[in-house]
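The values are calculated or read from the model by the stated rules, or taken from the named source; none is laboratory data. Quantities reported herein were computed from a predicted structural model and do not represent experimental measurements. We place every Cβ from the backbone using ideal geometry, glycine too, and count neighbours over all the protein chains shown.
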């Protein structure tokens, strides 16, 4: 069986494994105080064009989202998210577990509509009972979204304008950031994205690492004692070297961007294959997550040969499924998939 279930089915890029093995017996400080973590931070600052950025390495996406949100919100504040946002759907209530409500607004193939965001915030902050309600405390979005779609630079600029108008920080979930930036449909750079938000993270778990995310506060604007809050939320590794070495490797010789482009190349070949086989696209995604509508009667047999992720129920007879490529997807994987479409 081959797997297109997700983009972290494989372990880690060979260069990362080689680097971890080569440094394995070095005696280094813990908790991210090692020289490799410092080198990784410097490389990330350079890639983002943010010389004053504060950077923290956390263990995974769910821990990263819940830690950032808990650190940036007051007790009575919630986070505004599209209704399909990862924090509200696939993180088992991790944000609510920290005491902060996820305030959902309509999602359009995973994206927030700026006009709807502005209308929501206007109503919320002018309600006569505002003092009795959960206050909108920040705006959250994913790049790419959970549906593989991308915000344009103009859309992000407008969302940024709105969040600034209401005094709310803007957070960008970058679990698949590399795949978004590598897409031919993307019209902004990493430095431009960094300049449009108050915090974002560079996903490693889904883009070549064994685990780990790099949280970036672009203007040195991390909440007070964020390091300590990270440990409190179980998002810190004692052997912080494991994350530092991985990100130092990813941001050496543009490896992060190179392997992201490979995943997108495979995704575009996958899309062409799906269309050639007569499949119906659920969404025309420009990134590594591709979605098709399949007859339920075919899913059991298909699933014996190809691991996939069921996504949305279309009707009693059809289901939308996700097929995801990654940094490790090979042409022969696509050839094998084609036999069962």
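Picking from 267, 235, which residue would you name as being buried (at least 19 other Cβ atoms within 10 Å of the Cβ), under 19 Å from the mean Cα position of the chain (by Cα) and closer than 18 Å to residue 332 by Cα?
267
Here is a yes/no grid of residues against (1) surrounded by 23 or more Cβ atoms within 10 Å (Cβ to Cβ); (2) touching a residue at least 40 places away in the same chain (Cβ under 8 Å); (3) over 21 Å from residue 250 (Cα atoms):
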| position | (1), (2), (3) |
| --- | --- |
| 143 | yes, yes, no |
| 151 | yes, yes, yes |
| 167 | no, no, yes |
| 170 | no, no, yes |
| 173 | yes, yes, no |
| 189 | no, no, no |
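Is it true that some residue in region 117-129 is exposed (fewer than 14 other Cβ atoms within 10 Å of the Cβ) and within 30 Å of residue 231 (Cβ to Cβ)?
Checking region 117-129: not a single residue is exposed (fewer than 14 other Cβ atoms within 10 Å of the Cβ) and within 30 Å of residue 231 (Cβ to Cβ).
What strands (runs of 3 or more DSSP E) completely inside region 287-331 contain at least 2 residues that are buried (at least 20 other Cβ atoms within 10 Å of the Cβ) and either without any contact (Cβ under 8 Å) to a residue 24 or more places away in the chain or outside the structural domain of residue 207 (by TED's automatic domain parsing) (or both)?
289-295, 318-324
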